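Here is the structure we will look at.
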Amino acid sequence: MQYSRPQAIISADFIRKKVRLRPTVGLITGTGLGAAAQLEDPEAIFSFSDIPGFPTLMAPGQTGRISAGKIGSTELLALEGRFHLYEGHSPEAVAFPVRVMQELGIQTLILSNAAGGINPHFSPGDIMILTDHINLTGQNALVGPNEEAWGVRFPDMSQAYDRPLSRMAEKAAATLGISIQKGIYAGLLGPSLETPAETRYLRTIGADAVGFSTVHETLVAVHAGIRVLGLSLITNVHDPNHPQPLTSDQVILAGKASASTLATLIRETFAAYDLHGIL
Ligand code: HPA
């Protein structure tokens, strides 16, 4: 079966053979945020298409690369690029890289994305730590027979985003003088951007940011017992009373402008990881 455990094991074995390091921390970066995957002395950079069993077809402008390397003494496996539902991928395909990470022994996962601001107090360039999410995609990567070796049938979601990790990121931001937002990410199917009425609805239901990724990766990570840190780079802020046209070029440019801040935050967070070894 597609995206089954045997398939994830084949992909994981391939990566294990290519990579000398044995990372326990994974990183998946989103649109234009590839720069966040700035590892020291990266080894074994290769393309998603090289990995047997991996989904193919990426959004235009997205790279699909895997690298392993270190930040301080922390070993990371970094995936630049991801699969989206709006490209026609199933939720299982979208979350498959997380299953492969699970098979590789990853215990901590950082998911970064570009998102639209829903909270009127947000500004473009802000970084938001995800405290929770709302899955509005109408789909779930955990539908179907449950793979017991992967996790339980009804995974608890009372704290999908790990609090100690989020606190570490917050502390890292304070050390760096980066102002940080915290909030709830609404995951939509896309690819059409939000209408003003949808923006109002998202505000009403308590969302602070909106995007087309992350929720299925988080659901699978939580199911896998992997702790998650979610970081959104706010590229634009929706104002339903003064709707402005938005292009993907604007989103990509705004993402690029702040990608290095996000990379610095991730590095500093792992400097703290070295020191405190948390959890
Ligand atoms: N909506 C959905 N996804 C996004 C947005 C947005 O406004 N900005 C960046 N990613």
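The values are calculated or read from the model by the stated rules, or taken from the named source; none is laboratory data. What you see is a predicted model, and the numbers here were worked out from it, not measured in a lab. Quick reminder, even Gly has a Cβ in these numbers, built from the backbone with ideal geometry, and neighbours come from all protein chains shown.
For segment 74-118, the set of residues classified as in contact with a Lys or Arg (Cβ under 8 Å, 6 or more places away or on another chain) and within 16 Å of the ligand (Cβ to nearest atom) consists of Gly81, Val94, Ile118, listed by residue number.
Tell me whether segment 224-235 contains one or more residues that are touching an Asp or Glu at 6+ places or on another chain (Cβ under 7 Å) and basic (Lys, Arg). Give the steps one after another, and end with the answer.
Keep residues of segment 224-235 that are touching an Asp or Glu at 6+ places or on another chain (Cβ under 7 Å), which gives 227-229, 234.
Now restrict to residues that are basic (Lys, Arg): 227.
For segment 224-235, residues touching an Asp or Glu at 6+ places or on another chain (Cβ under 7 Å) and basic (Lys, Arg): present.
Evaluation of Phe270 against the conditions (1) at pLDDT below 95; (2) in contact with a Gly (Cβ under 7 Å, 6 or more places away or on another chain); (3) farther than 22 Å from Val98 by Cβ shows that the sole unmet condition is (3).
Within segment 22-29, one or more residues are at pLDDT 90 or above, of a type in the set (Gly, Ala, Ser) and crowded, with 18+ Cβ neighbours inside 10 Å. Looking only at residues of segment 70-99 that are β-branched (Val, Ile, Thr) and within 15 Å of the chain's Cα centre (by Cα), we find that the one that is nearest to Pro6 (Cα to Cα) is Val98. Would you mind finding the one in Ala174, Ala186 that is under 19 Å from the mean Cα position of the chain (by Cα) and either acidic (Asp, Glu) or within 23 Å of Thr29 (Cβ to Cβ) (or both)? Unique residue meeting the criteria: Ala186.
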